[in-house]
Amino acid sequence: MARSQSGSPAHGNLDRMSRALAHTLVVAILAALLAVAFWRSGYEFQWEGVWAYRQKFVTGWLTTVAMSLASLVLSALVGLVTAVGLRSRWTLVEAAARVYVELIRGTPLLVQLLIGFYVVANAVGLENRYVVGALVLALFSGAYMAEIFRGGLAAIPAGQRDAARAIGLTPWQSLRLVILPQAIRLVLPAVAGQLVSLIKDSSLLSVIAVSEFTLAAQEVNSFTYSTLESYLPLAAGYLLLTLPLSALSRWLERSFAYEAG
Amino acid sequence: MELVVKGLTQAYGKTTVLDRLDLVTGDIRALVLVGPSGGGKTTLLRILAGLDLPIEGSVSFAGKTLPRDEPGLLAYRRHVGTVFQAYNLFPHLSALDNLTLPLVHVHGLSPAAALERVAEPLERFKLAEHAHKRPSQLSGGQKQRIAILRALATKPERLFLDEPTSALDPEMTAEVLEMIGELKDLGTRFVLVTHEMGFARRVADEVAFVGGGKVVASGPASTMFEKCPEPRVREFFARILP
């Protein structure tokens, strides 16, 4: 709110233009430095070999998008349930949620993927590595989501719950009509940030041989021996996903900002 | 409302806030709770409003005893209204949606019927032009008057108001007190916690002085303000009344 009230629209435009200019300048300087570094390394780019495998990149990139989206939806559900669990009055529920969050956040995703696929999935007879991959990634991200949601729920003033009870809402109605609509606005930027992490973390799915973007680059590299030519498109492909998300996150932050009433 | 409170005890951790509090009123319309800060007024009001369960003791209005279980209290809260010091409007909803939410989701009115129900009071209290604003776009006085309408829209048996003007400047205080005075004239029954002694004197049928977790004295407003036998009460009024 404060942003839209301060200064005229023209002033805001100027602000935005100077910020865009500054961004461009920083990117240009970085690009120049990188170009100098590549030139001094004497690396000779050979794009022909990699170009032949372009379809592999596209398929891998689409797989990454699909796996990330599936994990995102699942992890939001897991995170919400866990966040409510973290705030539960029942000690056992609270303890279960807390142990889950600490175990997941305290161990590497790599280990979780290996144990999830080779031990747990094997034991229950789940063979589809894409399903297992999405599940493990969702459980991993869900622990972080849970902390984001818990923080969002805790940020709603106690008076809101009081008012909800005073007008006779049931606990479930209070959560659905009063608490969640406010909490979701609060956590949306952080959730978008978590999605950025999720997309990058999905690169580890390559260790259980999910043919996603990173594995595609690794394979192309092993076929062509053109390391940088294989991995530079990888960086570009991830940026293509994460930059718009960051922008979305900032936009959400601005548009949902309202003063507590 | 004939209020009978017996042996009411409430504690948070090791702090006793209400200490076997007793209070009996006649069949009155307006009861005002006064007394020093931290004396237990708000705690008492929250129990009367069915928001908190006391550790011990009982409360009855007109012979009906307040339930001691959460489902019972939920049903009880649906028949009374509560107004808070900090308004506690829902900031993500417009003033109008704040008013209709309990009507639609608790009392089963259709959205159209709910709108119709709140239209007249919005007009009467000159809030209709602000109905579509979010709470953050309203002044403190407007927020509190919307909050009072939200509590009233469900046609409650009585209202509980917890220091409704403590967060407001004098002008807005006057605007909210005027509304409460008008509601009393319209027949609304209420229990009010306030530090506005002039208003308390004007509006109260009975006054209870709450201090140290007990009712130190209670009775008709005129007796309480002018010739209360309790020295503590006389000293309190002497200090704050002009």
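Just to confirm the number: angle between the C-alpha axis of helix B:140-152 and the first principal axis of chain B, 0 to 90 degrees, nearest 10?
Taking Cα atoms only, the helix is inclined about 90 degrees.
Rounded to the nearest 0.05, what FRET efficiency do A:Leu239 and A:Thr91 give with R0 = 51 Å and r taken as the Cβ-Cβ distance? Could you check?
Once rounded, the FRET efficiency stands at 0.70.
Can you give me the Rg/Rh ratio for chain B, using Cα atoms for both radii and the Kirkwood formula for Rh?
In chain B, Rg relative to Rh is 0.97.
Counting Lys and Arg as +1 and Asp and Glu as -1, each charge on the Cβ, what is the dipole of the protein assembly as shown about the Cα centre in debye, to the nearest 20? Let's see the in-between values first.
Working: 48 positive and 42 negative charges, 61 e Å.
In total the dipole reaches around 300 debye.
Using the alpha-carbon centroid of each, what span in Å lies between region B:33-52 and region A:197-223?
Cα centres, region B:33-52 to region A:197-223: 62 Å.
Pick from B:Thr16, B:Thr82, B:Thr154 the residue whose mean-square fluctuation is largest in a GNM of chain B, springs joining Cα atoms under 10 Å.
Top of the fluctuation ranking is B:Thr16.
List the lysines whose Cα lies under 30 Å from the Cα of B:Lys133, skipping any in the same chain that are fewer than 8 positions away.
B:Lys143, B:Lys155, B:Lys184
List the lysines whose Cα sits under 20 Å from the Cα of A:Lys200, skipping any in the same chain fewer than 8 residues away.
A:Lys56
How far is helix B:170-185 tilted, in degrees, relative to the longest principal axis of the Cα atoms in chain B, given as a value from 0 to 90 rounded to the nearest 10?
Computed tilt is about 90 degrees.
Any chance you could check the Cα centroid distance between region B:86-150 and region A:88-161 for me, in angstrom?
40
For the protein assembly as shown, treating each Cα as an identical point scatterer without solvent, what Debye log10 I(q)/I(0) comes out at q = 0.07, 0.11 1/Å?
Cα-only, vacuum Debye calculation for the protein assembly as shown: -0.58, -1.00.
May I ask you to derive the relative contact order of chain B, considering only C-alpha pairs under 8 Å and at least 6 residues apart, and to give it as an integer percent?
27
Rank these for me by crowding, B:Tyr87, A:Tyr118, going from fewest to most other beta carbons within 10 Å.
A:Tyr118, B:Tyr87
How many percent of DSSP beta bridges within the protein assembly as shown run antiparallel, rounded to 5?
Values: 20 of 36 bridges.
DSSP beta bridges in the protein assembly as shown are roughly 55 percent antiparallel.
Averaged over peptide B:82-88, how many Cβ atoms belonging to another chain are found within 10 Å of each residue's Cβ?
Values: counts 5, 2, 4, 1, 8, 3, 12.
Across B:82-88, the average partner-chain Cβ count within 10 Å equals 5.
For B:Gly211, which sequence-distant residues (separation of 5 or more, or a different chain) have an amide H within less than 5 Å of its own amide H, given hydrogens modelled in the peptide plane?
For B:Gly211, whose amide H was placed from the backbone, the distant partners under 5 Å are B:Val216.
For the pair A:Glu102 and B:Ala62, what calculated FRET efficiency results from E = 1/(1 + (r/R0)^6), where r is the Cβ-Cβ distance and R0 = 51 Å, to the nearest 0.05?
After rounding to 0.05, the efficiency reads 0.45.
Is any helix in chain A, taking whole DSSP H runs, at least 20 angstrom long along its axis by alpha carbon and on average at least -0.5 on the Kyte-Doolittle scale, and which ones?
Qualifying helices: A:9-41, A:54-86, A:91-106, A:129-154, A:180-201, A:227-255.
Towards the positive end of the charge dipole of region B:101-174, with charges on Cβ (+1 Lys, Arg; -1 Asp, Glu), say which of B:Pro164, B:Ala114, B:Ala147 has the farthest Cα.
B:Ala114
Counting only other chains, and only Cβ atoms inside 10 Å, what mean value do you get across the residues of B:169-178?
So the per-residue partner count for this stretch is 0.
Using a Gaussian network model of chain A with C-alpha springs under 10 Å, which one of A:Tyr144, A:Tyr100, A:Tyr43 is most mobile by mean-square fluctuation?
Ranking A:Tyr144, A:Tyr100, A:Tyr43 by mean-square fluctuation puts A:Tyr43 first.
Using θ = phi - 60° and the Karplus relation 6.51 cos²θ - 1.76 cosθ + 1.60, list the HN-Hα couplings for region B:103-111 in order, rounded to whole Hz, with x at every Gly or Pro.
5, 7, 8, 10, 9, x, 6, 6, x
Which values, in whole Å and largest first, are the semi-axes of the equivalent ellipsoid of chain A obtained as the square root of 5 times each eigenvalue of the Cα gyration tensor? It would help to have the intermediate numbers written out before the result.
On the way: eigenvalues 302, 184, 32 Å².
Semi-axes (√(5λ), whole Å): 39, 30, 13.
Picking from A:Glu219, A:Glu147, A:Glu44, which is most flexible by a Gaussian network model of chain A using Cα springs under 10 Å?
Evaluated over chain A, the most mobile residue of the options is A:Glu44.
With the cut-off at 14 Å, report for region A:62-142 the share of all Cα pairs above it, as a whole percent.
Result: 65 percent of Cα pairs exceed 14 Å.
Classify region A:1-140 from the C-alpha gyration tensor, please: rounded if a/c falls under 1.5, else prolate or oblate depending on whether a/b exceeds b/c.
Oblate.
Given a cut-off of under 8 Å on Cα pairs at least six residues apart, what relative contact order in percent is computed for region A:50-255?
Computed over region A:50-255, the figure is 31 percent.
Please give the calculated 222 nm ellipticity per residue for chain A, where each DSSP H segment of at least 4 residues contributes -39500 (n - 2.57) and the sum is spread over every residue; nearest 500 deg cm²/dmol?
Helices in chain A give a 222 nm mean residue ellipticity of -25500 deg cm²/dmol.
Where a number appears in this text, it was derived from the coordinates with a stated rule and is not lab data. Keep in mind it's a predicted model, so treat the numbers as computed, not measured. All Cβ positions, even for glycine, are placed from backbone atoms using ideal geometry, and neighbour counts span all protein chains on display.
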